[in-house]
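Notes to accompany the following structure.
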Amino acid sequence: MVYVFNCSEQMDYKSCGNIYKGLAQTGAWGCFDEFNRISVEVLSVVAVQVKSVQDAIRDKKSKFDFMGEFISCVPTVGIFITMNPGYAGRTELPENLKALFRPCAMVVPDFELICEIMLVAEGFQDARVLARKFITLYTLCKELLSKQDHYDWGLRAIKSVLVVAGSLKRGDPGRPEEEVLMRALRDFNIPKIVTDDMPVFMGLIGDLFPALDVPRKRDLEFEKTVKQATLDLALQPEDNFILKVVQLEELLEVRHSVFIVGNAGTGKTQVWKTLYKTYQNIKKKPLFNDLNPKAVTNDELFGIINPATREWKDGLFSVIMRDQASLSGDNPKWIILDGDIDPMWIESLNTVMDDNKVLTLASNERIALTPYMRLIFEISNLRTATPATVSRAGILYIN
């Protein structure tokens, strides 16, 4: 069993100690993500805690003294740290902690091989050729398109397109595989590409898949309801606007976190409100909570432990997420975060936004994202976001 924890500056030595105590007694592995966000004072105590666990394993003890308590020790316990150096709000690990861990550098993965294996897993026969085309396209995009803060041509982006391609293939089994992949690559990337780059991107797709002209997969019935919802909100149902609403719906199908990026006044709020209204019209009973994460401090957003009394005071985001997670039913539940991104608050959502889908709080509570919950971020730009954040979400760019 592996437990992933998203560390934050709210964690103190006692909440870390409780985690190690649990891991030592069950023999589970713990992976501490963004470990260097914990403050240095806490980390030096953590080093002592980790050492006492390691010593117990080395001396093959069945019981050992951990912070003044005798607890049992299961020797399969493992402690792993993952971190990106050099972001805002990060510390250097103290030497006494570094000495207890074996460092491991990550190499660049073989994208083509991963892509080929995933294509086969999604049911494609002609995987090798398609994987080469796929990776060539992304490599060229990285080199030839303009440098935008919200572009990401990495592994997570590749993976999400492959999932789309798989569902398209199953939905239309008679179509040639080349057409299916081309449609996925085109329709899934167009929402985030800025206007100036559009001809270049379409040119690249045209070069890699020559003489293929596959129509977009359209649900005309759904588009009709979107038009109706736009009119209900007293807006003009322009084709471009309707397309953005449909693209948002398609993104929410495959990603559980979506950034709606665009300058002020481009209609970001209206896009999701129209989709919300559409869901209401087709009796899907959607729910949403919106908040501005920058209007409150980090402690008020994610909760804080009072150091003197060890009393846990809940945060705004953790309350909303817990409430939504406790609701049953398959209706869409959205948390809308409308406010500038800065690494201080959004990095605490790292484990929520990736495949773990779990919010880990400093009180050691873990709130899992249910399959019908979505995070929607409304932002003007991703200038201050780290690469870790950008790769974790689908992007709808509105110019």
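Do you know which residues across segment 366-399 are open to solvent by less than 20 Å² (accessible area, probe 1.4 Å) and among the aromatic types (Phe, Trp, Tyr)? Within segment 366-399, just Phe377 meets the criteria. Among the residues of segment 211-239, those identified as of a type outside the set (A, V, I, L, M, F, W, C) and at pLDDT below 95 are Asp213, Pro215, Arg216, Lys217, Arg218, Asp219.
When Ser328, Ser363 are screened for being open to solvent by less than 50 Å² (accessible area, probe 1.4 Å) and either under 29 Å from Arg310 (Cβ atoms) or at pLDDT below 95 (or both), only Ser363 passes. Please go through segment 17-29 and pick out each residue that is open to solvent by 40 Å² or more (accessible area, probe 1.4 Å) and among the aromatic types (Phe, Trp, Tyr). Scanning segment 17-29 gives a single hit, Trp29.
Checking Phe32, Phe80 one by one, the residue that is surrounded by fewer than 16 Cβ atoms within 10 Å (Cβ to Cβ), part of a strand (DSSP E or B) and in contact (Cβ under 8 Å) with a residue 24 or more places away in the chain is Phe80 and no other. Within segment 129-151, being over 20 Å from Ile379 (Cβ atoms) and either open to solvent by 10 Å² or more (accessible area, probe 1.4 Å) or not in a helix (DSSP H, G or I) (or both) holds for Val129, Arg132, Lys133, Ile135, Thr136, Thr139, Leu140, Lys142, Glu143, Leu144, Leu145. Scanning segment 328-371 for residues that are more than 29 Å from Ala264 (Cα to Cα), assigned to a loop (DSSP other than H, G, I, E, B) and of a type outside the set (A, V, I, L, M) returns Ser328, Gly329, Asp330, Asn331, Asp355, Asn356, Lys357, Ser363, Asn364, Glu365, Thr370, Pro371.
For Tyr397, the stated conditions hold: it is of a type in the set (Ser, Thr, Tyr) and touching a His at 6+ places or on another chain (Cβ under 9 Å). Residues in segment 376-391 that are in a loop (DSSP other than H, G, I, E, B) and under 21 Å from Ile320 (Cα atoms): 0 in all.
The values are calculated or read from the model by the stated rules, or taken from the named source; none is laboratory data. Bear in mind that the values here come from a model prediction, so they are computed numbers and not experimental data. Quick reminder, even Gly has a Cβ in these numbers, built from the backbone with ideal geometry, and neighbours come from all protein chains shown. The accessibility values were calculated without ligands, DNA or RNA, using every heavy atom of the protein model including side chains. Shrake-Rupley method; radii C 1.70, N 1.55, O 1.52, S 1.80 Å.
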